[in-house]
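Notes to accompany the following structure.
The values are calculated or read from the model by the stated rules, or taken from the named source; none is laboratory data. Just so you know, these numbers come straight off a predicted model, no measurement behind them. No Cβ is skipped: glycine too gets one built from the backbone with ideal geometry, and neighbour counts run over all protein chains shown. The accessibility values were calculated without ligands, DNA or RNA, using every heavy atom of the protein model including side chains. Shrake-Rupley method; radii C 1.70, N 1.55, O 1.52, S 1.80 Å.
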Amino acid sequence: MNNTNTPSSLIMIFGATGDLAKRKLYPSLYHLFRKGKISKKFAVVGVARRDWTNEQFKDHVETSVHNALGKNEDIKEFVSHFHYQSHDVSDSDSYRALKDLADELDNSYGLNGNRIFYLAMAPEFFGTITDHLKQDGLTNTDGFQRLVIEKPFGHDLESAEELNMQIRESFSEDQIYRIDHYLGKEMVQNIEVIRFANALFEPLWNNRYISNIQITSSEELGVEERGRYYEKSGALRDMVQNHMMQMVALLAMEPPIKLTTDEIRSEKVRVFRSLHSYNEEEVKENFVRGQYGPGVTVDGKVKGYREEDNVDEQSNTETYVAGKLSIDNFRWAGVPFYIRTGKRMEAKSTKIVIQFKDIPMNLYYNKDNSMSPNLLVIHIQPEEGITLHLNAKKSGQNIETTPVKLNFANNSFDGMNTPEAYEKLLHDCMRGDATNFTHWDEVKLSWAFVDKISDYWENTREQHFPNYEAGTMGPKEADQLLAKDGFFWWPVENLDVDQC
Ligand code: BG6
C-alpha cells in the first residue's frame, strides 16, 4: 500500500449513523484506504445524535464495509482511525467538545489543521451547523477547511439562495463542495473526453448534424422509505434539477480552454444561461409529469405511489418527468434535448442517445425500405460504455443496408469495476479538486429553470394521476412529446451494450 500525495485530513461526518454514511461513505473511504489513495495520516470523526461509544461506532463502520463490499482485509487498522462524538446540532457545548476532540486528533495524527466537514444529513440543519462550526472555532485552524454538502441544496431558488447566504457566512465558495453524485460516475466524466478528445465527434457535435439528444435515467425501485422527503420533492427536484441538468450541461458545453475547475464550470454555467426558460404555456407543451400506480415488476406485484408509506392518498407529486429542453445558442438552436426520469419504471438504466441527422441524399435502404439513423449511445449505468450505430451493407447481392454496432464496454477495457462515484468524489475533495462538484452559479440557474415548471405543476392538480403502471416506461404523453417533433424514445433495452 503506497501513500499518495493526498494531504492528511480530519474528516468530520455529520449524520454518521445514517444511511448514506453506511452505504456509501464508509465503503468508499475503505476503498481509498486499501488502494493507498489516502495518507495514513487521517482521522474520521462520526457525529450524530445517538449516544454511541467509539467501539459501537467502529463496529458499525466495520459492518457497513463488510455489508457493502463483502471484504474486510486490514479493517481493524482502518477503523482505528474512526472516533465518535454524540452531538446536538444546535448546542454550542456540543461543538466545543467536538473542537477539543478535533484538536486532539489533529495533534496525534499530525493533520496540519486540515478539516473536511461532510454534512450527510437532513438539509434543514445545514445552516445551523455551518454557523456553529465557525462560531465555536472548528474552522479556525492553519490548514484547509472544506464543507461537503449533500443534496437537496434548497427546495427552490429562493430557499437555495437563503441557504447559500447562510453557509457563505462561514465558508467561501471555493471551500464548498456541493455533491452531485452523478458527476462522480465514470461515464458521466467520460462525456467530456468522448466529445473533446475525438476528431470524429467534435465537428459533428452541433445543430447541423445532430437531430436530437435523449437522456433517460430510469429506476426500478419505488420511493422505498423516503415518502416524507419525496412528497415535497418529486422527480423534478430529486433528479432533474441536479443530475439530469448536469448531464445536459456536459453534453452541450463548449470545449473549455483549459482543464481547470473554473474553466470547466464556467462553460457549464454558459449552457444553463442559454437554456430557454419556459412560461406556463410552454411548460404544458414541453414537460410531462407522471405518477406510478400499482403494477408488476421483477419483484412481483408492487403498490402504487399513493399507497406507499408517508404518501398522501391523493398525492399530486410526480414520480416521473419527461421534458424537452432547448438551448438557445449558436451550436444548439433547433436541437431538442429530451430528458426522462422516473421511479418504478421497467429497468434501472441511465443512457444518453445522440441521434444524428439523416444524410441529405441516401440511396441505401434497409430491407423494409427504412433507414437507420446513426446513433451514439453513452451507457452510464448499469453497464458502462459507448456504442456507435452505423449502417453497413448486408451481405449478398443487393445493395441493402443493415444496422451494425461498434461497441466499447468500459469494464472490458480495464478489466475491473470502476470506482464508485462517492469514492472518486471523496478523493477529489481531499485533494482539493472541485471540478466535479456543483458551483453555486450552476445550482442557482438550474433552480431558476426548474422553478418555472414546479410553480405551474404545484398550482394545477394533475387529474389523471396515477398515469403509468409500475414496471413500464412511463405515461404515453411522454411518447407524444417526441412524436410531435417526429421522433421517438429509443428503447433502452435495444441499446444495451452487451447485446451488440
Ligand atoms: C438520488 C435521488 O439523488 O439519486 C434518488 O435522491 C435516486 O431518489 C438516486 O434514486 C439515483 O441515483 P443512481 O446513482 O442510483 O442512479
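Given the conditions (1) within 16 Å of the ligand (Cβ to nearest atom); (2) open to solvent by less than 40 Å² (accessible area, probe 1.4 Å), which single one is not true for L481?
(1)
Conditions: (1) charged (D, E, K, R); (2) within 19 Å of the chain's Cα centre (by Cα); (3) more than 13 Å from the ligand (Cβ to nearest atom). R208 meets all but one. Number of the miss?
In the conditions (1) charged (D, E, K, R); (2) within 19 Å of the chain's Cα centre (by Cα); (3) more than 13 Å from the ligand (Cβ to nearest atom), R208 misses (2) alone.
Hey, S218 hits all of (1) among the hydroxyl-bearing types (S, T, Y); (2) away from the ligand (no atom under 16 Å from the Cβ); (3) crowded, with 18+ Cβ neighbours inside 10 Å but one; which does it fall short on?
Every listed condition holds for S218 apart from (2).
Please go through segment 167-184 and give me each residue that is more than 23 Å from R228 (Cβ to Cβ) and surrounded by fewer than 21 Cβ atoms within 10 Å (Cβ to Cβ), ordered by number.
Answer for segment 167-184, where residues must be more than 23 Å from R228 (Cβ to Cβ) and surrounded by fewer than 21 Cβ atoms within 10 Å (Cβ to Cβ): R168, E169, F171, S172, E173, D174, Q175.
Among (1) in contact with a His (Cβ under 6 Å, 6 or more places away or on another chain); (2) modelled with pLDDT of 95 or more, which single condition is T63 missing?
Failed condition: (1).
Please specify each residue of segment 115-136 satisfying the condition of being open to solvent by less than 20 Å² (accessible area, probe 1.4 Å) and without any contact (Cβ under 8 Å) to a residue 40 or more places away in the chain.
Of everything in segment 115-136, just one residue is open to solvent by less than 20 Å² (accessible area, probe 1.4 Å) and without any contact (Cβ under 8 Å) to a residue 40 or more places away in the chain, namely L133.
If you check M244 against the conditions, is it within 16 Å of the ligand (Cβ to nearest atom), closer than 18 Å to N286 by Cβ, part of a helix (DSSP H, G or I) and touching a helix residue (DSSP H, G or I) at 6+ places or on another chain (Cβ under 9 Å)?
Working: within 16 Å of the ligand (Cβ to nearest atom): yes; closer than 18 Å to N286 by Cβ: yes; part of a helix (DSSP H, G or I): yes; touching a helix residue (DSSP H, G or I) at 6+ places or on another chain (Cβ under 9 Å): yes.
In short, yes.
What pairs can you find where one residue is in segment 204-233 and closer than 20 Å to I380 by Cα and in contact (Cβ under 8 Å) with a residue 24 or more places away in the chain, the other is open to solvent by 60 Å² or more (accessible area, probe 1.4 Å) and within 9 Å of the ligand (Cβ to nearest atom), and their Cβ atoms are less than 8 Å apart, with a gap of 6+ or different chains?
S218/K348; E219/K348; E220/K348; L221/K348
With respect to D262, determine if the residue is more than 23 Å from T350 (Cβ to Cβ) and out of contact with any His (no Cβ under 7 Å at 6 or more places or on another chain).
Numbers: more than 23 Å from T350 (Cβ to Cβ): yes; out of contact with any His (no Cβ under 7 Å at 6 or more places or on another chain): yes.
It is true that D262 is more than 23 Å from T350 (Cβ to Cβ) and out of contact with any His (no Cβ under 7 Å at 6 or more places or on another chain).
Kindly indicate whether any position in segment 306-318 is under 25 Å from I352 (Cβ atoms), within 25 Å of the chain's Cα centre (by Cα) and in contact (Cβ under 8 Å) with a residue 60 or more places away in the chain. Give the derivation first.
Filtering segment 306-318 for residues under 25 Å from I352 (Cβ atoms) gives 318.
From the residues that got through so far, the ones that are within 25 Å of the chain's Cα centre (by Cα) too are 318.
When the remaining residues are screened for being in contact (Cβ under 8 Å) with a residue 60 or more places away in the chain, the result is 318.
Looking for residues that are under 25 Å from I352 (Cβ atoms), within 25 Å of the chain's Cα centre (by Cα) and in contact (Cβ under 8 Å) with a residue 60 or more places away in the chain, one finds at least one in segment 306-318, hence yes.
Sort out which residues of segment 191-215 are crowded, with 20+ Cβ neighbours inside 10 Å and among the aromatic types (F, W, Y), and write them in order of number.
Answer for segment 191-215, where residues must be crowded, with 20+ Cβ neighbours inside 10 Å and among the aromatic types (F, W, Y): just W205.
Would you tally the residues in segment 165-185 being more than 12 Å from the ligand (Cβ to nearest atom) and touching a strand residue (DSSP E or B) at 6+ places or on another chain (Cβ under 7 Å)? Step through it out loud before you land on a result.
Of segment 165-185, the ones more than 12 Å from the ligand (Cβ to nearest atom) are 165-178.
Imposing the further condition that a residue be touching a strand residue (DSSP E or B) at 6+ places or on another chain (Cβ under 7 Å) reduces the set to 167, 171, 175-178.
Adding up the residues that qualify gives 6.
What do you reckon, is L236 within 16 Å of the ligand (Cβ to nearest atom), within 22 Å of Y422 (Cα to Cα), within 18 Å of the chain's Cα centre (by Cα) and not hydroxyl-bearing (S, T, Y)? Spell out the reasoning first.
On the way: within 16 Å of the ligand (Cβ to nearest atom): yes; within 22 Å of Y422 (Cα to Cα): no; within 18 Å of the chain's Cα centre (by Cα): yes; not hydroxyl-bearing (S, T, Y): yes.
In short, no.
Can you spot a residue in segment 290-303 that is under 18 Å from L482 (Cβ atoms) and out of contact with any strand residue (DSSP E or B) (no Cβ under 9 Å at 6 or more places or on another chain)?
From segment 290-303, those under 18 Å from L482 (Cβ atoms) are 290; that's our starting set.
Those still in the list that are out of contact with any strand residue (DSSP E or B) (no Cβ under 9 Å at 6 or more places or on another chain) too: none.
The answer is no; no qualifying residue exists.
Kindly indicate whether P255 is modelled with pLDDT of 95 or more and either open to solvent by 60 Å² or more (accessible area, probe 1.4 Å) or of a type in the set (A, V, I, L, M) (or both).
Working: modelled with pLDDT of 95 or more: yes; either open to solvent by 60 Å² or more (accessible area, probe 1.4 Å) or of a type in the set (A, V, I, L, M) (or both): no.
No; evaluated as a whole, the condition is false for this residue.
Within the group D93, D59, D88, which residue is free of Cβ contacts under 8 Å to residues at least 40 places away in the same chain, touching a helix residue (DSSP H, G or I) at 6+ places or on another chain (Cβ under 6 Å), open to solvent by 50 Å² or more (accessible area, probe 1.4 Å) and of a type outside the set (F, W, Y)? Even if it seems obvious, please write down each step before you answer.
Details: D93 fails: touching a helix residue (DSSP H, G or I) at 6+ places or on another chain (Cβ under 6 Å); D59 fails: touching a helix residue (DSSP H, G or I) at 6+ places or on another chain (Cβ under 6 Å).
Residue meeting the stated conditions: D88.
Within segment 153-166, which residues are touching a residue at least 12 places away in the same chain (Cβ under 8 Å) and open to solvent by less than 50 Å² (accessible area, probe 1.4 Å)?
Those that are touching a residue at least 12 places away in the same chain (Cβ under 8 Å) and open to solvent by less than 50 Å² (accessible area, probe 1.4 Å): F153, G154, D156, L157, A160, L163, N164.
With a cut-off of at least 1 residues that are loosely packed, with under 15 Cβ neighbours inside 10 Å, name the strands (runs of 3 or more DSSP E) lying wholly within segment 360-473.
385-393, 401-409
Given the conditions (1) touching a helix residue (DSSP H, G or I) at 6+ places or on another chain (Cβ under 7 Å); (2) open to solvent by 20 Å² or more (accessible area, probe 1.4 Å), which single one is not true for S64?
So S64 meets the others, but not (2).
Quickly run through segment 1-55 and pick out the residues that are open to solvent by less than 50 Å² (accessible area, probe 1.4 Å), modelled with pLDDT of 95 or more and of a type in the set (V, I, T).
I11, I13, T17, V44, V45, V47
Given (1) open to solvent by 10 Å² or more (accessible area, probe 1.4 Å); (2) within 16 Å of the ligand (Cβ to nearest atom), where does V188 come up short, assuming only one miss?
Of the numbered conditions (1) open to solvent by 10 Å² or more (accessible area, probe 1.4 Å); (2) within 16 Å of the ligand (Cβ to nearest atom), the odd one out for V188 is (1).
Scan segment 297-345 residue by residue and report those that are at pLDDT below 95 and not small (G, A, S). I'd like the intermediate steps shown before the answer.
Step one: filter segment 297-345 for residues at pLDDT below 95, giving 297-300.
T297, V298, D299, listed by residue number.
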